[in-house]
1. Condition check: at pLDDT below 80, small (Gly, Ala, Ser) and assigned to a helix (DSSP H, G or I). Does ALA108 satisfy that?
2. Which residues, counting only those in region 1-27, are within 8 Å of the chain's Cα centre (by Cα), at pLDDT below 85 and among the aliphatic types (A, V, I, L, M)?
3. Suppose we keep only residues that are small (Gly, Ala, Ser) and either touching a Pro at 6+ places or on another chain (Cβ under 9 Å) or outside any loop (DSSP other than H, G, I, E, B) (or both) within region 34-62. Which one would you say is least open to solvent (accessible area, probe 1.4 Å)?
4. Determine whether region 63-78 contains at least one residue that is in contact with a helix residue (DSSP H, G or I) (Cβ under 7 Å, 6 or more places away or on another chain), modelled with pLDDT of 80 or more, open to solvent by 100 Å² or more (accessible area, probe 1.4 Å) and not β-branched (Val, Ile, Thr).
5. Among the residues in region 94-104, are any assigned to a helix (DSSP H, G or I) and either at pLDDT 85 or above or of a type in the set (S, T, N, Q) (or both)?
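The values are calculated or read from the model by the stated rules, or taken from the named source; none is laboratory data. Just so we're clear, the structure is a prediction, and the values are computed from it rather than from any experiment. No Cβ is skipped: glycine too gets one built from the backbone with ideal geometry, and neighbour counts run over all protein chains shown. Accessible surface areas use protein heavy atoms only, side chains included; no ligands, DNA or RNA. Shrake-Rupley method; radii C 1.70, N 1.55, O 1.52, S 1.80 Å.
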Amino acid sequence: LFGTIVWILVASTRVPLPLLQGWVMFVAVTAWFLSIVFLSVFLFGYANRFAVNWNQADFIFHGATFVFYFGAFLLQAGTTSLHHFPRKFNSTSQERIMSGREYNISIAASV
């Protein structure tokens, strides 16, 4: 559920730094997809067919997801902190990297 919210929030803003926010989107979409697969394995009873230590698999999955989401949080927060810089350094216009609305959405995605 929270991965879907991050996915929606990041996708709803203009992307000022594609490399950083691309990784955030990759983590959110991949974690969402793997969570659905993991849930389906249990809902449809496939967990009983495979001789896997599901407690250990669950621990490893959530541990890895935590590490990737924490890295994505750092990148998203870093992108958010640059909101006051101008979009083009050589331009005379004062257009910011993010508007006020996008800044608020980016904060919500970081959290």
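1. Details: at pLDDT below 80: yes; small (Gly, Ala, Ser): yes; assigned to a helix (DSSP H, G or I): yes.
In short, yes.
2. Passing the criteria: VAL6, VAL10, VAL24, MET25.
3. Of region 34-62, the ones small (Gly, Ala, Ser) are 35, 40, 45, 47, 51, 57.
Still in the list and also either touching a Pro at 6+ places or on another chain (Cβ under 9 Å) or outside any loop (DSSP other than H, G, I, E, B) (or both): 35, 40, 47, 57.
Details: SER35: 52, SER40: 38, ALA47: 14, ALA57: 30 Å².
By that ranking, first place goes to ALA47.
4. Yes, region 63-78 has at least one match.
5. Start the filter on region 94-104 by keeping residues that are assigned to a helix (DSSP H, G or I), which leaves 100-104.
From what is left, the residues that are either at pLDDT 85 or above or of a type in the set (S, T, N, Q) (or both) are 104.
Yes, because at least one residue in region 94-104 is assigned to a helix (DSSP H, G or I) and either at pLDDT 85 or above or of a type in the set (S, T, N, Q) (or both).
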